[in-house]
Amino acid sequence: MREIRLASRPVGWPTAENFEIAETPVPEPGPGQVLIRNVFMSVDPYMRGRMNDAKSYIPPFRVGHPLDGGAVGEVVASNADGVPVGAFVSHNLGWREFAATDATRVRVVDPAAAPSLSAYLGLLGMTGLTAYVGLLDIAQFREGDTVFVSGAAGAVGSVAGQIARLRGAKRVIGSAGSAEKARHLVDDLGFDAAFNYKDAPVREQLRAAAPDGIDVYFDNVGGDHLEAAIGSLNMFGRVALCGAIAQYNDTTPGAAPRNLAAAIGKELNLRGFIVGNHGHRTPDFVAEVGGWLREGRITARETIVDGLENAPEAFLGLLRGENTGKMVVRL
Ligand code: NDP
C-alpha cells in the first residue's frame, strides 16, 4: 500500500518537496483492532502547524513518518466486537490507503444518512462541529444577532454562516477570496451579503455590508479581518477565535489587530477554542445539523481531489484558496 510521509519541514509556504509517497506493507490488525481501507481523507489548515517542529495543542508530524488526519473508510478485517467487516468508520489515520487501529478509536458512520461518505469529514464531521461549537458555545450566538464570518466559503465558514441563518440571525455577512465565492455565499448558502476581501480593505467592505455594526464575528482568518471586525463590533460583541489562516505561513508575526484596546470600551468577549475539547457537543450537533440536512435546509459543497498521490497538492491548494467548501481527497 501507499502512504504520504513528511519529507522535510517547510519554512514559510510549503511545497510538494516537503512530502514523499512511499510503499509499505498493509498493516496487520492486532487484538481489538480493525483494518480500514480508506475511501476519503481530509486535508485541513491545522496540518500546516503540525509540519513545524513546535510545541502546540497537538504533536508535530515527524520527518520520515506518515502524516495523519481525518479519514473515512470501510472495515475490511476486524478483531473487534461491534465493528464488523463492511462497516464504514471515521478515524484519524488518513494520508494512507489502509490503516489498522483500535476499534475504540473509530466512529461508525451511516453512509445512508449522508449525501456522500465524505460528509463525515465536513458538514457532519470535524469542520461542521467546529462551526456549531464556535458559533453557539464560544461566540454565544443569539437570535437577532448580526454575524460576520471570514473564510466563509470554506468548510467551517460555510456551515457557520448557514447555522447563523437557520438559528435566526438578523443578518449574515461573509468574506471570501473571489467574486465567484462571494456569489456562492449569497446565491447558494443564503448569506445576506458577501464580499471579496481582495477587492478593497476589509474594514471598508465590512462597514459597507454592516452599517449598523456586527454582534458576532466568527474568525477563521485573523490579521486584518480581525482588526476590521473589532472596529465593527457593537457593545458586548462576541468573537469566536477559530483560526488565523492568514498567518499560518508567515515567518514573522503579523501586526494586526492594532485596535485590540477597543475591546475594552466595547466590553468585547474574544474567545479561542479547539474543537477536540468540545466533543461532548457531538450528539446535539448531529441531531440539529443532521435534521437540517434531511430537510434540505443546509448544504455543503465539497472540492474533491482524486488519488492519494495528489493529497499534497490538495493540501497546498487548500492553503491557496482553491477549494469551495470542504477539501477532501478520494483514494
Ligand atoms: P477552509 O475550507 O476554509 O480552507 C481554507 C481557506 O482559507 C481557503 O479556501 C482560502 O479561501 C482561505 N484563505 C487562505 N489564505 C487566506 C488569507 N490570507 N486570508 C483569508 N483567507 C485565506 O478550511 P477550514 O474550514 O478547514 O478551516 C477554516 C479555519 O478554521 C482555519 O483557520 C482553520 O485553522 C480553522 N479551524 C479551527 C478549528 C478549531 O478547532 N479551532 C478546527 C477546524 C478548523 P479564500 O479563497 O476565501 O481565501
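The values are calculated or read from the model by the stated rules, or taken from the named source; none is laboratory data. What you are looking at is a predicted structure, and each value in this text was computed from that prediction instead of being measured. Every residue, glycine among them, receives a Cβ derived from its backbone with ideal geometry; neighbour counts consider all protein chains shown.
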### Query
Any chance the stretch 238-257 includes a residue that's more than 28 Å from residue 14 (Cβ to Cβ) and aromatic (Phe, Trp, Tyr)?
no
#### Entry: Single residue of 303, 299, 252 found to be over 23 Å from residue 146 (Cα atoms), among the hydroxyl-bearing types (Ser, Thr, Tyr) and surrounded by 14 or more Cβ atoms within 10 Å (Cβ to Cβ)
303
### Query
Of the conditions (1) more than 16 Å from the ligand (Cβ to nearest atom); (2) modelled with pLDDT of 95 or more, residue 81 fails just one. Which one is it?
(2)
#### Entry: Those residues of the stretch 239-279 which are among the hydroxyl-bearing types (Ser, Thr, Tyr) and either in contact with a helix residue (DSSP H, G or I) (Cβ under 9 Å, 6 or more places away or on another chain) or modelled with pLDDT of 95 or more (or both), in sequence order
248
### Query
Taking the stretch 40-73, which residues are part of a strand (DSSP E or B) and surrounded by 17 or more Cβ atoms within 10 Å (Cβ to Cβ)?
40, 41, 42, 66, 69, 71, 72, 73
### Query
For the stretch 96-113, does any single residue satisfy the condition of being under 17 Å from the mean Cα position of the chain (by Cα), under 29 Å from residue 157 (Cβ atoms) and among the aliphatic types (A, V, I, L, M)?
no
### Query
For the stretch 240-272, how many residues are in contact (Cβ under 8 Å) with a residue 60 or more places away in the chain, under 20 Å from residue 320 (Cβ atoms) and small (Gly, Ala, Ser)?
1
## Note on the structure
Restricted to the stretch 297-317 and to residues being out of contact with any helix residue (DSSP H, G or I) (no Cβ under 9 Å at 6 or more places or on another chain) and hydrophobic (A, V, I, L, M, F, W, C), the residue nearest to the ligand (Cβ to nearest atom) is 314
### Message
If I go through the stretch 210-225 residue by residue, how many of them are touching a residue at least 40 places away in the same chain (Cβ under 8 Å) and within 16 Å of the ligand (Cβ to nearest atom)?
### Response
7
### Yes/no for residue 236 being closer than 30 Å to residue 295 by Cα, modelled with pLDDT of 95 or more and among the hydrophobic types (A, V, I, L, M, F, W, C)
no
## Note on the structure
By residue number, the members of the stretch 46-71 that are within 16 Å of the ligand (Cβ to nearest atom) and either among the aliphatic types (A, V, I, L, M) or touching a Ser or Thr at 6+ places or on another chain (Cβ under 7 Å) (or both) are 47, 49, 51, 54, 58, 67, 69, 70, 71
### Query
In the stretch 280-296, which residues are within 16 Å of the ligand (Cβ to nearest atom), surrounded by fewer than 20 Cβ atoms within 10 Å (Cβ to Cβ) and touching a residue at least 40 places away in the same chain (Cβ under 8 Å)?
281, 282
